[in-house]
Amino acid sequence: MQFRLIKDKVYSKLMLGLTVLSVSVVLVVGIGLYLKSGPVLEHSSWWTLLSSSQWKPLKGLFGFFSFIMGTLWVTAIAIIIALPLCLLTSFYITEYAPNRVRKILVPFVNLLSGIPPVIFGVWGVLFIIPLIQNHIAPHFVEFSTGYSVLAGGIVLAVMIFPLIVSIVCEVLNTIPRELKDASLALGATKWETIKKVQLRKAKPGIIAATVLAISRAFGETIAVLMVCGNNAVTPHSVFDPGYPLPALIANNYGEMLSIPMYESALMFAALLLFIIILLFNIISRVVLARLERKLAL
């Protein structure tokens, strides 16, 4: 008995140590990026770096506002496109689809998550950009090359589609059958049950799936880099080109590091991306905790 207690205590301490190690990795990454960003932070203030759109490395001007807005535009478009489609797909798979159809749809959706990002980028260049340039943009603007934040958002929406669908389907399958049966027994239709019962019960899981998808969307590089246009200007419409932070880092790191402070500026771009994702996850966890407490009442 004494040996079992000692063994249990050792495993408890070991798991605590591994947990602390996992959390400390986040701190180490953040501190490392901040230290690497030191030269550009000494040269310019945080406000100047975040509010300026001037990107002229040869003159020592590093403004990240246009890159931040490019990242937010692409991510927002991707979520606006993907979330409704993912919810409808998830409800169809779990509630309406026959077993034969479900057995085809689920592996197909999971297959999308295994496709390399560069394939989505090529698909975007070959199909999405001509579609925007020739058929969508002419109805709204005089001219567009097709390389735009809209193209990046569409490609990114397809990329995060399987992630959201998989998680939401798992959440919907955990809802007790008794809740649905009670709603149907009271005279509600299946669609009314989905809207009033299942959607409300699954809301925390849907938020969690969306948070994971946005976190991935923030950091996606290759596919977005291929279709966004990579022009360091602030987008003012969905048909304008953009330059997200991950594309900036991927495009320039290793090539222009001989320019003073250029490496530091790219590390600051990585730090910004790190901070944006971290703050978003913290805020979403607070909202999710409050929602769970509200639903538990």
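Worth a mention:
- Segment 209-249: number of residues that are open to solvent by 50 Å² or more (accessible area, probe 1.4 Å), over 15 Å from Ile68 (Cα atoms) and among the hydrophobic types (A, V, I, L, M, F, W, C): 3
- Any hit, segment 128-147, residues being in a loop (DSSP other than H, G, I, E, B) and under 19 Å from the mean Cα position of the chain (by Cα): no
- Answer from Ile77, Ile81, Ile104, Ile119 - the residue that is modelled with pLDDT under 90, under 29 Å from His236 (Cα atoms) and assigned to a helix (DSSP H, G or I): Ile119
- The set of residues in segment 27-74 that are surrounded by fewer than 15 Cβ atoms within 10 Å (Cβ to Cβ), within 25 Å of Glu220 (Cβ to Cβ) and modelled with pLDDT under 85 is empty.
- Members of segment 250-259 found to be free of Cβ contacts under 8 Å to residues at least 24 places away in the same chain and either in contact with a helix residue (DSSP H, G or I) (Cβ under 7 Å, 6 or more places away or on another chain) or open to solvent by less than 50 Å² (accessible area, probe 1.4 Å) (or both), listed by number: Asn252, Tyr253, Leu257
- Search result, residues across segment 21-71 that are touching a strand residue (DSSP E or B) at 6+ places or on another chain (Cβ under 9 Å) and in a helix (DSSP H, G or I): Val40, His43, Thr48, Leu49, Ser66, Phe67, Met69, Gly70, Thr71
- Segment 262-278, residues that are buried (at least 20 other Cβ atoms within 10 Å of the Cβ) and modelled with pLDDT under 85: Tyr262
- Within segment 78-103, the set of residues being over 23 Å from Ser215 (Cα atoms) and surrounded by 12 or more Cβ atoms within 10 Å (Cβ to Cβ) comprises Phe91, Tyr92, Ile93, Thr94, Glu95, Tyr96, Ala97, Val101, Arg102.
- Taking the criterion of being aliphatic (A, V, I, L, M) and over 22 Å from Leu278 (Cα atoms), the residues of segment 1-60 that qualify are Met1, Leu5, Ile6, Val10, Leu14, Met15, Leu16, Leu58.
- Within segment 122-135, being open to solvent by 10 Å² or more (accessible area, probe 1.4 Å) and touching a residue at least 40 places away in the same chain (Cβ under 8 Å) holds for Val122, Val125, Ile128.
The values are calculated or read from the model by the stated rules, or taken from the named source; none is laboratory data. Bear in mind that the values here come from a model prediction, so they are computed numbers and not experimental data. Here Cβ is always computed from backbone atoms with ideal geometry, including for glycine, and neighbour counts include all displayed protein chains. For accessibility, only protein heavy atoms count, side chains too; no ligands or nucleic acids. Shrake-Rupley method; radii C 1.70, N 1.55, O 1.52, S 1.80 Å.
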